[in-house]
Amino acid sequence: MDMLQVSVWRGAEVGGYRTYEVPRQESQSVLDVVTYIQRYIDPTLSYRFACRVGMCGACAMTVNGVARWTCRTHVSKVVKGNAIQIAPLANLPVVKDLVTDMRGFFDKWARALGRFVSNATRKDDFAKVASDSPERIAANAGIECIGCGVCYASCDVVSWNPDYLGPAALNRAWTLVNDVRDGARRERLAAVAGDAGCHACHTHMSCSERCPKDITPTASIAGLKRAVATAALKGEL
Amino acid sequence: MKNDYRARNHPAWWAFLVHRLSGLALTLFLPFHFWALGQALQGEARLDTLLRWTQQPLVKFAEAGLVLLLAAHLAGGLRLLALEFLPWRGWQKSLLAWAAGAAIAAGLAFALVL
Amino acid sequence: MSSAGQGYAAVSDAAPGSAAKFETWLWIAQRASAAVLALCVLVHLATIIYAVHHGLTGAAILARTRGNVGALAFYALYVLAIAVHAPIGLRALCQEWLGWRNNALNWVIGALALALFIFGLRAGAAVFLA
């Protein structure tokens, strides 16, 4: 039986890699590997998962240096010889082992005004939104985000600028800027402007490269740059 | 935890790095360029002395490098303007290739003219 | 950063308002100057290649450039665009790679912009004024 040499981060911010030997299977995901270690070798290993079928995003980790959903990453796709390195997501505080503290990630989502603010009441008629309007197409391109944090973990501007809201929060803000039912456009554009916002994006495109749902936050952020600039030129910022 | 080179190993990231480093190099070169041209204020002979210095092979090589940096920064910048202002399409990677090609072409043109 | 309970690092509460407007205008200036520079650099590259072909002595160059008012106007625009574009780019680099984020950076960058503008115009005058 082939054995994988799996190097796993143990500890918190301070810690180190520990190596485990895991039997290699023909069809095996990285999450299978982590689960095997925790069940049969070392029960003290902490990690997150939920659906294990690529729907929830909870199992995101850094595999051989790249942020991925471990349940949807085949070992054969990433293994180097017979070695894999598994670490927690980058750019987030480490709680323990492979578990990160995602409060900062979601707080930035809130600071980008990534929540819907209605411009109507229950007394008003239904909003009529044409599904083929440019705004709706732009919004649809970004609404499948499940907040897994892979883009945030992949972004170097997040590493270099602690205040940067990050690709997920900005992508969400863009979907709402394009939502004709939303009534907080002005506040939202003010929230996403500035060097904690869209202007800090330098189009590295690591977010778009790594997003497991094939969302392109770079495009959303470019849209925010245009919307914010237009507002500034009109004196509406 | 911090990312390392493995997270950055994709074309758009290299494009960013080339753009930033070429911009930095050009910004550092500019004061010297302005000073050199300003030498003409002291007359043609002064400018001529400087220009003869630039005929040395090593300087010519450096100049070719500068032209390449300028072409690369321009091409990368045009790519960014397209990404930020034009409707988003799937051809960004090709755009990068065109930008790189144009930059190399300009650099070669200069090198050939030498 | 500490682990567990205190691991969540509070981010600064800087009000987005004024920084938002400032950064937005910097971004607009950067892209506008980039568009101007795109044209200027193309002309400049063509000029360099022409000049290399047609003589690079002091006499040859100055014979082509002295008294050329159109060229002087062009290069004045070029220098202005550079004086806007380069410092803004350098500012981003200093913030992200040197961690330099206070207001002193803005003053240094402003000084650099002024210096580039003045020395660029001086170079233009040297070469294009009769």
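The values are calculated or read from the model by the stated rules, or taken from the named source; none is laboratory data. Source: prediction; values computed, not measured. FYI the Cβ positions are ideal-geometry reconstructions off the backbone, even for glycines, and counts take in every protein chain you see.
Among the residues here, B:ALA103 qualifies as crowded, with 16+ Cβ neighbours inside 10 Å, more than 8 Å from every other protein chain (Cβ to nearest Cβ) and not charged (D, E, K, R).
The rows are residues; the columns are (1) closer than 17 Å to A:GLN85 by Cα; (2) touching a residue at least 24 places away in the same chain (Cβ under 8 Å); (3) crowded, with 16+ Cβ neighbours inside 10 Å; (4) hydrophobic (A, V, I, L, M, F, W, C).
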position	(1), (2), (3), (4)
A:TYR20	yes, no, yes, no
A:SER27	no, yes, no, no
A:VAL30	yes, yes, yes, yes
A:VAL33	yes, yes, yes, yes
A:ARG39	no, no, no, no
A:PRO43	no, no, no, no
A:ARG52	no, no, yes, no
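Being within 14 Å of chain B (Cβ to nearest Cβ) and free of Cβ contacts under 8 Å to residues at least 12 places away in the same chain holds for only one residue in A:ASP107, A:ASP97, A:ASP101, and it is A:ASP101.
Please find, within the stretch A:181-192, the residue that is farthest from the other protein chains (Cβ to nearest Cβ) out of those that are more than 19 Å from B:LEU83 (Cβ to Cβ) and not charged (D, E, K, R). Going through the qualifying residues, I end up with A:GLY183. The one condition from (1) out of contact with any helix residue (DSSP H, G or I) (no Cβ under 8 Å at 6 or more places or on another chain); (2) within 14 Å of chain B (Cβ to nearest Cβ) that A:ASN178 does not meet is (1). Taking the stretch A:55-80 as the range and being over 24 Å from A:ASP156 (Cβ atoms), part of a helix (DSSP H, G or I) and hydrophobic (A, V, I, L, M, F, W, C) as the test, the residues that pass are A:CYS71, A:VAL75.
Hey, does the stretch A:111-134 have a residue that's surrounded by 13 or more Cβ atoms within 10 Å (Cβ to Cβ) and under 20 Å from A:MET61 (Cβ atoms)? The answer is no, given that none of the residues of the stretch A:111-134 is surrounded by 13 or more Cβ atoms within 10 Å (Cβ to Cβ) and under 20 Å from A:MET61 (Cβ atoms). If you scan the stretch A:1-41, which residues turn out to be over 26 Å from A:MET55 (Cα atoms), outside any strand (DSSP E or B) and within 26 Å of the chain's Cα centre (by Cα)? Within the stretch A:1-41, A:ALA12, A:GLU13, A:VAL14 qualify. Would you call A:SER76 hydroxyl-bearing (Ser, Thr, Tyr) and modelled with pLDDT under 95? Criteria not met by A:SER76. The single condition among (1) out of contact with any strand residue (DSSP E or B) (no Cβ under 9 Å at 6 or more places or on another chain); (2) within 12 Å of chain B (Cβ to nearest Cβ); (3) under 18 Å from C:GLU96 (Cβ atoms) that A:ALA138 does not satisfy is (3).
Return the residues of the stretch C:11-21 that are surrounded by fewer than 16 Cβ atoms within 10 Å (Cβ to Cβ) and either part of a helix (DSSP H, G or I) or at pLDDT 80 or above (or both); say none if nothing qualifies.
Of the stretch C:11-21, the ones surrounded by fewer than 16 Cβ atoms within 10 Å (Cβ to Cβ) are C:11-15, C:17-18.
If the condition is that a residue be surrounded by fewer than 16 Cβ atoms within 10 Å (Cβ to Cβ) and either part of a helix (DSSP H, G or I) or at pLDDT 80 or above (or both), then C:GLY17, C:SER18 are the ones that fit.
Taken together, the residues in the stretch C:85-104 that are within 15 Å of the chain's Cα centre (by Cα) and either within 13 Å of chain A (Cβ to nearest Cβ) or outside any helix (DSSP H, G or I) (or both) amount to 6.
For the stretch A:215-237, enumerate the residues that are more than 11 Å from chain B (Cβ to nearest Cβ) and either assigned to a loop (DSSP other than H, G, I, E, B) or in contact with a strand residue (DSSP E or B) (Cβ under 8 Å, 6 or more places away or on another chain) (or both). Talk me through it step by step, then tell me what you get.
Keep residues of the stretch A:215-237 that are more than 11 Å from chain B (Cβ to nearest Cβ), which gives A:215, A:217, A:227-228, A:230-237.
Passing the criteria: A:ILE215, A:LYS234, A:GLY235, A:GLU236, A:LEU237.
Across the stretch A:196-214, what is the total count of residues that are part of a loop (DSSP other than H, G, I, E, B) and in contact with a strand residue (DSSP E or B) (Cβ under 9 Å, 6 or more places away or on another chain)? Outline the logic, then answer.
Start the filter on the stretch A:196-214 by keeping residues that are part of a loop (DSSP other than H, G, I, E, B), which leaves A:196-197, A:201-205, A:211-214.
Going one step further and asking which of them are in contact with a strand residue (DSSP E or B) (Cβ under 9 Å, 6 or more places away or on another chain), we end up with A:212.
Total satisfying the criteria: 1.
Checking each residue in the stretch B:1-19 for being in a helix (DSSP H, G or I) and either of a type in the set (A, V, I, L, M) or more than 8 Å from chain A (Cβ to nearest Cβ) (or both) picks out B:ALA7, B:PRO11, B:ALA12, B:TRP14, B:ALA15, B:LEU17, B:VAL18, B:HIS19.
Within the stretch A:138-195, the residues that satisfy the criterion of being part of a helix (DSSP H, G or I), aromatic (Phe, Trp, Tyr) and under 27 Å from A:CYS56 (Cβ atoms) are A:TYR152, A:TRP174. Contact map, the stretch B:31-53: residues that are closer than 17 Å to C:ARG64 by Cβ paired with residues that are hydroxyl-bearing (Ser, Thr, Tyr) and surrounded by 14 or more Cβ atoms within 10 Å (Cβ to Cβ), Cβ distance under 9 Å, separation 6+ or inter-chain. Pairs shown: B:ALA40/C:THR65; B:GLU44/C:THR57; B:LEU47/C:THR57; B:ASP48/C:THR57; B:LEU51/C:THR57.
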